[in-house]
Every structure is written in C-alpha cells, then in structure tokens.
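The values are calculated or read from the model by the stated rules, or taken from the named source; none is laboratory data. These figures come from a predicted structure and were not determined experimentally. Note that each Cβ is placed from the backbone with ideal geometry, even for glycine, and that neighbours are counted across all protein chains shown.
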C-alpha cells in the first residue's frame, strides 16, 4: 500500500469510528430513556395500582449496566474521564510524552484484561438464567467485553477536536 493509500485507509477508519461514536451516543441516550420509562411505569403501577411488574427492577439494572460500559467508552473517546494530572502538569517535553504513553499503555492492558476475562465470564454464565426475565446472564455480562473493546477502539481513534462539555451532549 502506498503512503497515500494508507492515509486514506486511516481516514476511512477514523470516519467509521466517528460513526460508531455517534451511534454509541444515541444508544446511550436510548438506554437512559428506556430506563426512565421502565422506572416511571413501575412507580406508577406500584403506587396507583398497588402492583409493580416483577421484571422492572431487573430490566432497569441490566439497561444501567450496559449504559455504564458504553458511556465509559464514550468518555475514553472524548478524553473526559476524571484523572489525577498533577504529574503531567509538572512535566514538559519528552518526560510528559513518556508519562502519557505509559498511562495509555496501562489503560490498554487493563481494557484488554477486562475484555478477555469478560468473555470468559460470558461463556461460563450463558446457561444461567436471570431470575425475573429468564434471559441468559451471559448476555448481561457481555457488557464488560463490549465496553472494553469499544474503549480500546476509541483509544486508538480519539476525538481530537476541542469540544466543550455542552457540545458533547446529545
């Protein structure tokens, strides 16, 4: 592949990851909306009709688990996670670059471990059914490797534009 060809491939990957980030953003918003609807319906049924659906707590919990891992990946994309940057502020030049590289490398290794062991948990819990819904628990635990892999992809192709917190909202 020529230098120009590899540049186009990287540009194409950046666009693909950008589209994935947009899809992820709307998926997160949808999960939050679904959680809100389930909670409102459950509360209404509990206090108005004196009978809450048995599945509502479980659905809300599982939606929240996916929301957390997908939103964490989104935070990686836009570099908005809370961090201690005292050392980074004190360093400049090569030393700063080394610290940032080591930090990203450690995060990548952690995400790799979460993905690997997450898939192991998924495999070992696929035959276990959730109490109220009866769905395989492996589908719930799938949020771990999905969030970790998405975070690794977003680490490789972060959003480099300077956006404010308001611009990142849906």
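For this structure, a couple of remarks:
- Filter result for the condition that a residue is out of contact with any strand residue (DSSP E or B) (no Cβ under 9 Å at 6 or more places or on another chain), over 29 Å from residue 19 (Cα atoms) and in contact (Cβ under 8 Å) with a residue 60 or more places away in the chain, over 90, 143, 132, 72: 132
- Pairs meeting the criteria (first residue in the range 3-14 and assigned to a helix (DSSP H, G or I), second residue modelled with pLDDT of 85 or more and surrounded by 10 or more Cβ atoms within 10 Å (Cβ to Cβ), beta carbons under 8 Å, at least 6 apart or on different chains) are 13/157; 14/157.
- Conditions (1) exposed (fewer than 13 other Cβ atoms within 10 Å of the Cβ); (2) at pLDDT 90 or above; (3) more than 15 Å from residue 151 (Cα to Cα); (4) out of contact with any helix residue (DSSP H, G or I) (no Cβ under 7 Å at 6 or more places or on another chain): number failed by residue 23: (3)
- Residue count, the range 129-142 (criterion: part of a helix (DSSP H, G or I) and surrounded by fewer than 13 Cβ atoms within 10 Å (Cβ to Cβ)): 0
- Any hit, the range 78-91, residues being assigned to a helix (DSSP H, G or I), within 18 Å of the chain's Cα centre (by Cα) and at pLDDT below 95: yes
- Scan the range 125-147 for residues that are in contact with a helix residue (DSSP H, G or I) (Cβ under 6 Å, 6 or more places away or on another chain) and closer than 13 Å to residue 67 by Cα and the total you get is 6.
- Residues in the range 110-128 include none that are modelled with pLDDT under 95 and not in a helix (DSSP H, G or I).
- Given (1) surrounded by 11 or more Cβ atoms within 10 Å (Cβ to Cβ); (2) closer than 30 Å to residue 129 by Cβ, number of the condition residue 49 does not satisfy: (1)
- The condition of being more than 21 Å from residue 135 (Cβ to Cβ), in contact with a helix residue (DSSP H, G or I) (Cβ under 7 Å, 6 or more places away or on another chain) and buried (at least 17 other Cβ atoms within 10 Å of the Cβ) holds for only one of 17, 122, 59, 99, that being 17.
- For residue 41: the one exception among (1) touching a residue at least 40 places away in the same chain (Cβ under 8 Å); (2) surrounded by 13 or more Cβ atoms within 10 Å (Cβ to Cβ); (3) closer than 30 Å to residue 64 by Cβ: (1)
- Test: residue in the range 42-51 that is part of a helix (DSSP H, G or I), touching a helix residue (DSSP H, G or I) at 6+ places or on another chain (Cβ under 6 Å) and modelled with pLDDT of 95 or more: yes
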